[in-house]
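Have a look at the structure below before the remarks.
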Amino acid sequence: MAEERLGVVLLHDKNSAPEKHLADLARVLRNVGFQVIVPELPWSKKRGFDATYQQALVEIGLAAEELRLDGCTRVALVGHGLGANAALGYAASRPGIFAIAALAPSHDPDRHREVFLPDVRKARTMLTVGSGNQRSTFTDFNTNKDYDLSTTAEVYLSYNDPEGQAVMARSCAALKEPLPLLWVVGQQDPLQFLGRSYAFSKAPSHPKSSYESVSGDHASVPRNAARLVAEWLRDLISQLPAAGN
């Protein structure tokens, strides 16, 4: 029987290049035999939020399908920051994901409801009057620091509506069945104080799910957690029967 082959889609954080903080993690995963793809997502520094959250999930699905067409029998999503958020959003709305590793998960419009609300209202008004594709300046957060984001009202609302799809706690609760979830926080990441209860504990319980902390700040979590992620995924895949059994 054919052996299981694991493919991994690595999902980068906002305002970053695809492998800026993921290069060490990608190398470790490839060294243990996994096939890795690192797509450039709409929130990269180069693309600058040029597509909606929902369109980003479509792009993630295309990357996963590319791995399957290349012979991978299982696909895991490993995301950093907003990439972790999107991994959860993808699995909550689409089938076929084997496991998720969420590294320093971030982007939580529900927690910043009062800060986002004026610009959420502005974006909704623009959509109502038919200006949803018009660019404007909105407030966004990156590692708990606000900055001005230039994008369209439609795109902004898809990421920052506190009632929308990009709320991690809602995505975890919406997972239709238990799947292995590795949640890793940085001990110096200001987001680590959210703890298990914010989103992780809302996911359906799986015996291989784990909540871990590593040293480092938000940016260094993927590098510092690289071996942890590789060993966790290798343990998961090793316990599967050979494909076809």
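The values are calculated or read from the model by the stated rules, or taken from the named source; none is laboratory data. Treat the numbers as computed from the prediction; the structure is a model and nothing was measured. A quick note on method: Cβ atoms are made from the backbone with ideal geometry, for glycine too, and the neighbour counts reach across all protein chains shown.
Restricting attention to the range 128-172, the residues that are closer than 21 Å to F200 by Cα and in a loop (DSSP other than H, G, I, E, B) total 9. Of all the criteria given as (1) part of a loop (DSSP other than H, G, I, E, B); (2) modelled with pLDDT of 95 or more; (3) touching an Asp or Glu at 6+ places or on another chain (Cβ under 7 Å), the one not satisfied by K208 is (3). Looking only at residues of the range 151-192 that are small (G, A, S) and modelled with pLDDT of 95 or more, we find that the one that is farthest from L77 (Cα to Cα) is A153.
Since K45 meets every condition but one in (1) in contact (Cβ under 8 Å) with a residue 24 or more places away in the chain; (2) charged (D, E, K, R); (3) in a helix (DSSP H, G or I); (4) exposed (fewer than 15 other Cβ atoms within 10 Å of the Cβ), which condition does it not meet? Unmet for K45, out of (1) in contact (Cβ under 8 Å) with a residue 24 or more places away in the chain; (2) charged (D, E, K, R); (3) in a helix (DSSP H, G or I); (4) exposed (fewer than 15 other Cβ atoms within 10 Å of the Cβ): (3). Here L57 fits the description: in contact with a helix residue (DSSP H, G or I) (Cβ under 7 Å, 6 or more places away or on another chain), farther than 19 Å from A230 by Cα, of a type in the set (A, V, I, L, M, F, W, C) and in a helix (DSSP H, G or I). Being surrounded by fewer than 19 Cβ atoms within 10 Å (Cβ to Cβ) and at pLDDT below 95 holds for only one residue in R113, R94, and it is R113. Scanning the range 150-162 for residues that are without any contact (Cβ under 8 Å) to a residue 40 or more places away in the chain and out of contact with any Leu (no Cβ under 9 Å at 6 or more places or on another chain) gives a single hit, T152.
Here's the yes/no breakdown for (1) within 14 Å of C172 (Cβ to Cβ); (2) in a helix (DSSP H, G or I); (3) in contact with a strand residue (DSSP E or B) (Cβ under 6 Å, 6 or more places away or on another chain):
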| site | (1), (2), (3) |
| --- | --- |
| E65 | no, yes, no |
| R68 | no, yes, no |
| C72 | no, no, yes |
| A76 | no, no, yes |
| G83 | no, yes, yes |
| A92 | yes, yes, no |
| P95 | no, no, no |
| P105 | yes, no, no |
